[in-house]
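Read-outs throughout are calculated quantities, based only on the coordinates presented, and are distinct from any laboratory measurement. Small disclaimer: the values here were computed from a predicted structure and weren't measured. Positions of Cβ are backbone-derived with ideal geometry, glycine not excepted, and every protein chain shown enters the neighbour counts.
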Amino acid sequence: MLELVDITRSFRVGPGTMPILRGVTLRLEAGQLVSIMGGSGSGKSTLMNIIGLLDKPTGGEYRIDGQDVLQAEARALSRLRNRLIGFVFQSFFLLPRLNAWRNVALPLQYRGLPEAEAKRRAIAMLGRVGLADRVEHMPAMLSGGQKQRVAIARALVGEPAVVLADEPTGALDPKVSQEIMALFLALKRELNVLILIITHDPGVAAQCERRLLLAEGTIAEQPPC
Amino acid sequence: MLSRVVVEAAANLVASRQRSALALLGILIGAAAVIAMLNIGAIARNETVRQFRQLGTDVLTLRVDAPSGLGSFRLADVEAVPQEIPAVLDIAPFVLGGATLLHEGMTGMGTQLGVTASFASVARLRLREGRFISAHDRFELYIVLGAGLAQQLSAPYAPVRVGSQLRQGRYVFTVIGILEPVLQSPMMPVDVDGTAFVSIANMRRLMPDPQLSMAVARIHPEADPGAVMAALQRSFAPKLRDATLSLQSAKQLLAGMQGQMQLFTLLLGTVGGIALVLGGVGVMNIMLVSVAERKREIGVRLAIGAAPGDIRLLFLAEAVILSLAGGALGVLLGLGGAYAFAGASGWQYIFSPSAAPLGAGVSVAVGIFFGFYPAVMAARLDPIEALRSE
């Protein structure tokens, strides 16, 4: 379970400060597919960076599974990110010099798992996202949809508490986008994981069971479709 | 963990092979320069010692200088030295001149020494055939030839042998001995290979005013050359009147030359070291470019849980692998260069067993030193900024 209480974030601009998040309170449960929508400058990326433990808020509380994650120092933060968060990016961000299974195994290797075990789990996860026959392929040999499946496998292989997907279908055509959303729905049920999708696409948001709207630094629940 | 980092670092280097090759080249040249210079220094030192080894280091040379040119010993004074100074085991005075010899239409030009019988033992000459000048044939027209001069005088159909007749001026000498080839010693005023030896009495026939101006002495191996030289000065001072005695000790000369060689090696090593440092700067440059180009990759790694230390290790591993590969190739090239140098200069090649560990160690040190800053830069990147970079 992910819990944000009165999160604020402001940035120093010249002599003053500019508030981006003005008190975001949010409680998200495992096994949910949640979308966060918002216009440009609404603070989507800032919120995602805070939830993803890449940035710290100016104020407020943040707990994952009851654990206060704001107290962690740099090294502990890396460990928490590795165990609790999975990232899916719009442009996939696969490492071009590593093949599919090595890309997927990377979080496990940073966790210190032996290579054989990391490989076994990476290949199993690639099987779950429908790429059992592409494990040795280099990213350059994969289509856009396949690359995003590898990225999803990489986000899920470490059994995180939350997967943060930043415009995961933004670089894909409508048919492949639909396939990726279907995959998210299947995996959140199968793995009982919280999947948080940041999007500007109402069509994508409509497929999520909870829809949140971020506007002027505060968050509001949208009615179900 | 470390092996995976090494494999990944190596794969990254292979992926940008052109850039890696350039950085590697810098280290290669630097390491090759260090190893070649140190190896050549060792070869030169060995060569110096080898030159002395044949004659030995228990040798002194004596020379009398008169106010106007060369002075002269009295033969009896020189021959009395071993009785006067027991540390001097044997002494051989000699007259130095030049010789033009004829044999079967061949002409040989070389130095000529008028010597006593003791010269062969003091100068440790070895005979290929025949015998040396003895005390009994002082007035006989006998001659002993150095190996080079004997070869110079040999006609294809009539090689110079013991018994061959050589003409020098009005005299015909009979060859009674030919020496083994020897290395030229820094202690000997002449190249023994190109020298003709006759008795001192015969030098008086050949030269209008021969001067017995030099001598070579063998001293007790345990004796202090400085003390022996002082004793010789004391002994000869009243006998030489206004002439002065110059002395040179093989041990002191060798020590001086070895000191110079060490300085020479140090200088060469420093030149190589500078080349290696420049190679290291090249590695740093390439690694900084690599960090700048791979910002997004670093951001992704940090986002999925890599600690800053993991990033540092990856980039440091790349720098060390580059340096180690360059160093290994540099060691081979350096040893090869030293081998070629020894061959070209006619010196004896000696392999320096310390070259490989030294080359590897210095290269790794250069890799760590010059790779550290780019690695730290990579590890300090803000993941949000890194993920945003194009």
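May I ask for the Kirkwood hydrodynamic radius of region B:59-220, worked out over all distinct Cα pairs and given in angstroms to one decimal?
16.0 Å
Peptide B:10-17 has a mean of 1 when you count, residue by residue, the C-beta atoms of other protein chains within 10 Å of its C-beta.
Summing Cβ point charges (Lys, Arg +1; Asp, Glu -1) relative to the Cα centre of region A:97-225 gives a dipole of roughly 480 debye. Restricting region B:213-274 to trypsin sites (Lys or Arg not before Pro) that sit in a DSSP loop and have at most 14 other Cβ atoms within 10 Å of their own Cβ leaves B:ARG241.
Residue separation of B:PHE139 and B:GLN348 scaled by 0.36 nm, minus their Cα-Cα distance, works out to 71.0 nm of gained length. Each residue, B:GLN260 and B:VAL7, gets one label point 7 Å from its Cα in the Cβ direction; the gap between the two is 5.7 nm.
Equivalent ellipsoid of region B:347-390: semi-axes from √(5λ) of the C-alpha gyration tensor, largest first, are 42, 9, 6 Å. Full extension of the chain between A:ALA124 and A:GLU136 gives 3.0 nm of extra length, using 0.36 nm per residue less the Cα-Cα distance.
Using helices alone, I'd like the mean residue ellipticity at 222 nm for the protein assembly as shown: each DSSP H run of four-plus residues gives -39500 (n - 2.57), total over residue count, nearest 500.
The helix contribution divided over the protein assembly as shown gives -16000 deg cm²/dmol.
For region B:100-139 and region A:150-198, what is the separation of their C-alpha centers, rounded to whole Å? What the calculation gives is 100 Å, centre to centre. Structure remark: mean-square fluctuation, Gaussian network model of chain B, C-alpha springs under 10 Å; the largest value among B:VAL14, B:VAL78, B:VAL366 belongs to B:VAL14. Defining a contact as two alpha carbons under 8 Å apart and six or more residues distant in sequence, what relative contact order in percent does chain A show? This gives 30 percent for chain A. Over region A:1-127, the pair-distance histogram of Cα-Cα distances with 10 Å bins from zero comes to 11, 34, 33, 18, 4, 0 percent, rounded to whole numbers. For chain B, the longest principal axis of the C-alpha atoms and the axis of helix B:355-379 are separated by about 30°.
What is the antiparallel percent of DSSP beta bridges lying wholly in the protein assembly as shown, to the nearest 5? The answer is about 70 percent antiparallel. With R₀ set to 60 Å, the beta-carbon distance separating B:SER246 from B:TYR157 gives a calculated FRET efficiency near 0.85. In degrees, nearest 10, range 0 to 90: what is the angle between the Cα axis of helix A:74-84 and the longest Cα principal axis of chain A? For helix A:74-84, the angle is close to 60 degrees.
Which whole number in µm²/s is D for region B:311-360 by Stokes-Einstein, with the Kirkwood Rh taken over Cα pairs at 37 °C and 0.692 mPa s? My calculation gives 265 µm²/s for D.
Along the charge dipole of chain B, pointing to its positive end and built from +1/-1 on Cβ of Lys, Arg, Asp and Glu, which listed residue (B:VAL198, B:ALA255, B:VAL5) has its Cα farthest out? Value computed over the given set: B:VAL5. Restricting the calculation to alpha carbons of the protein assembly as shown gives Rg and Dmax of 43.6, 133 angstrom. Loop sites here are GluC sites (Glu not before Pro) outside DSSP states H, G, I, E and B with no more than 15 other Cβ atoms within 10 Å. The longest part of chain A free of them is A:137-208.
Note on region A:73-130: Rg/Rh from C-alpha atoms, Kirkwood Rh, equals 0.98.
Translational diffusion of region B:231-322 was estimated from the Stokes-Einstein equation, with Rh taken as the Kirkwood radius over Cα pairs; at 37 °C and 0.692 mPa s the coefficient is 171 µm²/s.
The percentage of C-alpha pairs in region B:67-161 whose separation is greater than 19 Å is 53%. Over 24 Å between C-alpha atoms is what I'm after, so list which of A:LYS119/A:LYS147; A:LYS147/B:LYS295; A:LYS56/B:LYS295; A:LYS188/B:LYS295; A:LYS147/A:LYS188; A:LYS119/B:LYS295 land there. Pairs exceeding 24 Å: A:LYS188/B:LYS295; A:LYS119/B:LYS295.
What FRET efficiency, computed as 1/(1 + (r/R0)^6) with R0 = 22 Å and r the Cβ-Cβ distance, is obtained for B:ASP65 and B:ALA237, rounded to the nearest 0.05?
For B:ASP65 and B:ALA237, the calculated efficiency is 0.95.
Under a model in which nothing but the beta-carbon of Lys, Arg (+1) and Asp, Glu (-1) is charged, region B:88-222 shows a dipole of about 240 debye around its Cα centre. Sorted largest first, the spans of the alpha carbon positions of region B:1-136 along the three principal axes are 84, 49, 39 Å. Within chain B, the percentage of alpha carbon pairs spaced more than 37 angstrom apart rounds to 48%. Rounded to the nearest 10 degrees, the angle from helix B:308-345 to the longest Cα principal axis of chain B is 20 degrees.
Taking 0.36 nm per residue of sequence separation and removing the Cα-Cα distance, the B:ARG50/B:GLN18 pair yields an extension gain of 6.9 nm.
On average, how much area does the Cα convex hull of region A:2-222 cover when viewed from any direction, in nm²?
Projected area, direction-averaged: 12.4 nm².
Please figure out what share of the DSSP beta bridges in chain A is antiparallel and state it in percent, rounded to the nearest 5.
Working: 22 of 40 bridges.
Percent antiparallel among DSSP bridges in chain A is about 55.
Positive end of the dipole of region A:2-222 (Cβ unit charges, origin at the Cα centre): among A:PHE11, A:ALA155, A:ILE197, the Cα lying farthest that way belongs to A:ALA155.
Let's test the formula: R0 of 22 Å, r as the Cβ-Cβ distance of B:LEU102 and B:GLN184. What FRET efficiency results, to the nearest 0.05? Step by step, r from the Cβ atoms, then E = 0.30.
When +1 charges are put on Lys and Arg Cβ atoms and -1 charges on Asp and Glu Cβ atoms, the dipole computed for the protein assembly as shown relative to its Cα centre reaches about 380 debye.
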